Amino acid sequence: MITAVADGVVDVHAHWLPRELFALPPGAPYGALTDRDGELHLGEVPLSIAATAMSDVPAIRDDMRSARVGVRVLSAPPFAFPVGDPDARDYVASFNESLAAVVGESDGALVGLGLVGLHEPDRVREELAALAATPGIAGVAIPPLLRGDSLDRGVLREVVTGAAELDLAVLVHPMQLPRPEWSSYYLANLIGNPTETATAIASLLLSGLAEELPLLRICFVHGGGSAPGLLGRWEHAFTRRADVSRGAKRGPREGFRELFLDTVTHDPDTLDLLVAQAGEGRIVAGSDYPFDMAQPHPVAFAVDNGLPAAALAASGRAFLGLTPSR
């Protein structure tokens, strides 16, 4: 629940995790997060970022000043999503409590997106309702894929549907899922993450779920992954294949224009394509702080490539539910 935030551009895509939760949820697929001489490791993999950047609020606020960000929306890093052991209730509750405390002390400069359990559909509404009643929490962050399902089925559908009913924002962040052919060259991130996101967008649009939830405020990070470049292919199939069009009444291009998409595209031409495909007021600033794939100057990157700061501020507030998004 938020009623106001600080002035300036809203960075909707940034990560935070308190040190006491570095162990990650039970059954976390990549191992624990550890601080080794000031540098973060995920299991045995170095993340190339300082531990303080992930956990310390003063470091986050310093980066906001440097990046000219007025408001930063904090969510858990994707490896902290409770996708492993079903018994992650304590972890989820601890994260949400810690997040609420941090954003509550920020004078509107920080906003939170909480966690919910991802194993028990019957508990989703209860946990979402608790988030909706928490000051400073605007919504929930979720993965795009979960145990063979996406947003149109299973627990993720319950989360998206419940969030729309409770006026909560949803941020969808990929998990860098491993595949043997992506084991080298960081391809699980470079190809895997955009593919995960595109899969979730296609599932949401082609299933008709987006049409069922006209008040849903949902943001897909990394510029919507590979979806902007695939919309033409999806639209073509929608007009020619019954198995593509049976779930939705409108084509995917129309539905895409109602989604929120962030600016973490790493390339002006890719950002231009995103702007051409997205709806007016649907592009929001994102940084992916503090990861090595982050856009370190999110406001400058967007403004230098034709997106006014005022428009970014307005779209960020619309995503958070502070102004009408339609």
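The values are calculated or read from the model by the stated rules, or taken from the named source; none is laboratory data. Because the structure is predicted, anything quoted here is derived from the model rather than measured. Methodologically, a virtual Cβ is constructed for each residue, glycine included, from the backbone with ideal geometry; neighbour enumeration extends over all protein chains shown. Surface areas here come from the heavy atoms of the whole protein model, side chains and all, with no ligands, DNA or RNA. Shrake-Rupley method; radii C 1.70, N 1.55, O 1.52, S 1.80 Å.
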Got at least one residue in the range 47-57 being more than 23 Å from Ser94 (Cα to Cα), modelled with pLDDT of 95 or more and within 20 Å of the chain's Cα centre (by Cα)? no
Name the residue that is farthest from the chain's Cα centre (by Cα), counting only residues in the range 220-230 that are open to solvent by less than 20 Å² (accessible area, probe 1.4 Å) and among the hydrophobic types (A, V, I, L, M, F, W, C). Ala227
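Listed residues Arg217, Arg240, Arg233, Arg257; which is at pLDDT 95 or above and open to solvent by less than 40 Å² (accessible area, probe 1.4 Å)?
Selected residue: Arg217, the only one of Arg217, Arg240, Arg233, Arg257 that is at pLDDT 95 or above and open to solvent by less than 40 Å² (accessible area, probe 1.4 Å).
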Unmet requirement for Tyr30, which otherwise passes all of (1) in contact with a Gly (Cβ under 7 Å, 6 or more places away or on another chain); (2) among the hydroxyl-bearing types (Ser, Thr, Tyr); (3) touching a residue at least 60 places away in the same chain (Cβ under 8 Å): (3)
Going through the range 17-35 one residue at a time, which ones are open to solvent by 50 Å² or more (accessible area, probe 1.4 Å) and in contact with a Leu (Cβ under 7 Å, 6 or more places away or on another chain)? Tyr30
Across the range 157-172, what is the total count of residues that are touching a residue at least 40 places away in the same chain (Cβ under 8 Å) and either over 25 Å from Thr3 (Cα atoms) or among the aromatic types (Phe, Trp, Tyr) (or both)? 1
